[in-house]
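Let me begin by presenting the structure, written as structure tokens, before commenting on it.
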Ligand SMILES: Cc1cc2nc3c(=O)[nH]c(=O)nc-3n(C[C@H](O)[C@H](O)[C@H](O)COP(=O)(O)O)c2cc1C
């Protein structure tokens, strides 16, 4: 099947990846109500069609955190991408760099920040607040030394949400011979993945937290166990001062849904925030990101750069988010599916699809400059 849309990459990834990884990417928490809302609420927004305007020249570039992005889209931090394709973070970062889009490396990426910076380009770096502050400081130093221009500090994961699909698939909570056999059979049923990732994509560690986990007999799940034990639920806004003292570049706070929290982000002196519910993977039942966006833009849009993620599956969705005040969108599953479907080439094609769809949406709404997109692009009724 040739992919024509982002959702086609989902189907291709479903075929190519072992079930545990497909379900890990695809799933949300609890009954996946918020995951569905993210998509449904974007679909429900009507763009306003305008015709007979000269749309010969389109400018999709936007300014975010002092950088010019060629496309108002970035790749959100997604854990363990190196298990979806060989050295997956490097492949995705290359595709993003070729498009002029930022790639944000997850704390729990397979490739280290040094590997991504060396083999692709210095990524934005995403960090969770970990109990081990010494290790965090070391990570921030590594990200700085690797040339990362932006720190994305994720605040909506003081503890992981329950993801039923991961339990059912055996990705979490299973051990012993029966589980190992099931995983081996899952892998063997996907020979393309076995060849690419299992045989040629090693080491299968988490490059940024490698030093924290004992060497002997470790597996990817041992790293995840370490991270899960190290999430810090005592963290408050005061701890952000510590991060600011340790990191002198721009900081973006990811995981804001509430206006009061958005005001705290401004008070804490961050340069940006991401309106996000972690792609519906944390507190199920909360509102969609797109429905939270306008009120946050109204409250603090003049004080810092606002990005959004959650449910973006097309270039039309990107324009809807821009119209509601986001400077740019991040996509999570869209690039993870594409990476799983076909590596760097597929991520590049997926970004091209988003760009082409955005162009059509801009032409038919009469929007010549992405940076000027406003609520007048939406149907008022
Ligand atoms: C498989 C997967 C892994 C993720 N890992 C991380 C992570 O390590 N750090 C983080 O801040 N967000 C993580 N996220 C959340 C994304 O950054 C983003 O908020 C979310 O995917 C956006 O929703 P979307 O997938 O509908 O685009 C992850 C999301 C997925 C789907």
**OP:** For the range 251-272, name all the residues that are farther than 18 Å from residue 291 by Cα and either over 18 Å from the mean Cα position of the chain (by Cα) or in a helix (DSSP H, G or I) (or both).
**Re:** 264, 265, 266, 267, 268, 269, 270, 271
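Being assigned to a helix (DSSP H, G or I) and surrounded by fewer than 16 Cβ atoms within 10 Å (Cβ to Cβ) is the filter here; which residues of the range 223-238 pass it?
The answer is 225, 228, 229, 237, 238.
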**OP:** Please verify whether the range 305-326 includes one or more residues that are within 11 Å of the ligand (Cβ to nearest atom), assigned to a loop (DSSP other than H, G, I, E, B) and surrounded by fewer than 24 Cβ atoms within 10 Å (Cβ to Cβ).
**Re:** yes
Original post:
Quick check: anything in the range 353-372 more than 16 Å from the ligand (Cβ to nearest atom), closer than 17 Å to residue 103 by Cβ and in a helix (DSSP H, G or I)?
Top reply: yes
Subject >> Boolean, residue 82 is modelled with pLDDT of 95 or more, within 30 Å of residue 185 (Cβ to Cβ) and in a loop (DSSP other than H, G, I, E, B) >> reply: no
Original post:
Within the range 97-134, can you find the residues that are more than 16 Å from the ligand (Cβ to nearest atom) and outside any loop (DSSP other than H, G, I, E, B)?
Top reply: 97, 98, 99, 114, 115, 117, 118, 119, 133, 134
Subject >> Those residues of the range 37-74 which are in a loop (DSSP other than H, G, I, E, B) and out of contact with any helix residue (DSSP H, G or I) (no Cβ under 8 Å at 6 or more places or on another chain), in sequence order >> reply: 46, 52, 53, 54, 56, 57, 65, 66
Original post:
Taking residue 265, is it surrounded by 24 or more Cβ atoms within 10 Å (Cβ to Cβ) and more than 14 Å from the ligand (Cβ to nearest atom)?
Top reply: yes
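Take the conditions in contact with a helix residue (DSSP H, G or I) (Cβ under 9 Å, 6 or more places away or on another chain) and either buried (at least 17 other Cβ atoms within 10 Å of the Cβ) or under 25 Å from residue 196 (Cα atoms) (or both) and apply them to residue 364. Does it pass? So that I can check it myself, show each step before the final result.
Values: in contact with a helix residue (DSSP H, G or I) (Cβ under 9 Å, 6 or more places away or on another chain): no; either buried (at least 17 other Cβ atoms within 10 Å of the Cβ) or under 25 Å from residue 196 (Cα atoms) (or both): yes.
Answer is no for this residue.
Return yes when residue 279 is within 11 Å of the ligand (Cβ to nearest atom), surrounded by 20 or more Cβ atoms within 10 Å (Cβ to Cβ) and over 17 Å from residue 130 (Cβ atoms) and no when it is not.
Judged against the criteria, residue 279 is a match.
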Original post:
Which one of the conditions (1) surrounded by fewer than 15 Cβ atoms within 10 Å (Cβ to Cβ); (2) within 16 Å of the ligand (Cβ to nearest atom); (3) assigned to a loop (DSSP other than H, G, I, E, B) does residue 167 fail to meet, given that it meets all the rest?
Top reply: (3)
**OP:** Give the residue that is farthest from the ligand (Cβ to nearest atom), with candidates limited to residues of the range 64-87 that are farther than 22 Å from residue 355 by Cα and within 16 Å of the chain's Cα centre (by Cα).
**Re:** 82
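The values are calculated or read from the model by the stated rules, or taken from the named source; none is laboratory data. Predicted model, so just to flag it, every value in this text is computed and none were measured. Neighbour counts are summed over all protein chains in view; Cβ atoms, including those assigned to glycine, are modelled from backbone coordinates with ideal geometry.
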